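Below: one structure, written as structure tokens.
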Amino acid sequence: MSDVNDVPQADKLRQSKVDTSAAAPIDRVSFELSSRRTGMSFQRTRMSADRTLMSVIRTSLSLISFGFTIFQFFQHLNESNVLHGAKMAAGNFGLALLWLGVGMLTLGIVYHLQFMYGIRVVREEMTADGYIHGQSVFPISLTLVTAVVLLLIGIVAIVSIAFRIAPFG
């Protein structure tokens, strides 16, 4: 077994791309376990980023649906001549909530894409240096797909309400 204070041996492991043949068997096992744990930490970080995007989706969906509901409610009151005062202010408030939800979702998607790009770059560097195995792939995020679909629905709702065209106008 190698001595814990054997600094040159540890330096050899760090400097080599994956050449652990010169190291003692226990060092190769430690290096392999560390490599696997680091690879799994990338997956955990990816899942954490997906959970963060899900919270943005949840908040944006609440804003979009609440804004749409307020707009539709006051539009029906206006059409039935129940509301005679500030009918445009309530509709504008609903439309503002729609815009806020869509804007928040857009920023959340952009942040998620930038973060995932950064994770991929670091992962590729560590794979090239031999610190982790590059066998696992990052599949497309269903959370991201859901966010983009919700963004498109929000944009359609805004356009539909603003120009009073189908399907929501």
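The values are calculated or read from the model by the stated rules, or taken from the named source; none is laboratory data. Fair warning: this is a prediction, and the values are worked out from it, not measured in the lab. As a convention, Cβ positions derive from the backbone with ideal geometry for all residues, glycine included, and neighbour counts pool all protein chains shown.
Only residues that are exposed (fewer than 13 other Cβ atoms within 10 Å of the Cβ) and either modelled with pLDDT under 80 or among the aliphatic types (A, V, I, L, M) (or both) were counted across the range 33-55, and they come to 5. With respect to the conditions (1) modelled with pLDDT under 90; (2) part of a helix (DSSP H, G or I); (3) touching a helix residue (DSSP H, G or I) at 6+ places or on another chain (Cβ under 7 Å), residue 83 falls short on a single one, namely (2).
Among the residues of the range 116-169, those that are of a type in the set (Asp, Glu) and within 22 Å of the chain's Cα centre (by Cα) comprise 124, 125.
Looking only at the range 129-141, which residues are surrounded by fewer than 17 Cβ atoms within 10 Å (Cβ to Cβ), touching a residue at least 24 places away in the same chain (Cβ under 8 Å) and hydrophobic (A, V, I, L, M, F, W, C)? 138 - this is the single residue of the range 129-141 that is surrounded by fewer than 17 Cβ atoms within 10 Å (Cβ to Cβ), touching a residue at least 24 places away in the same chain (Cβ under 8 Å) and hydrophobic (A, V, I, L, M, F, W, C).
Within the range 51-67, being polar (S, T, N, Q), farther than 11 Å from residue 109 by Cβ and over 9 Å from the mean Cα position of the chain (by Cα) holds for 55, 59, 62, 65.
The residue list 140, 119 contains one member that is under 24 Å from residue 59 (Cβ atoms) and either in a helix (DSSP H, G or I) or of a type in the set (Phe, Trp, Tyr) (or both), which is 119.
Residue-wise test of (1) in contact with a Leu (Cβ under 6 Å, 6 or more places away or on another chain); (2) among the basic types (Lys, Arg); (3) under 30 Å from residue 42 (Cβ atoms); (4) in a helix (DSSP H, G or I).
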site	(1), (2), (3), (4)
63	yes, no, no, yes
75	no, no, no, yes
94	no, no, no, yes
166	no, no, no, no
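Among the residues of the range 108-130, count how many are farther than 19 Å from residue 146 by Cβ and of a type in the set (Ser, Thr, Tyr). Residues meeting the conditions: 2.
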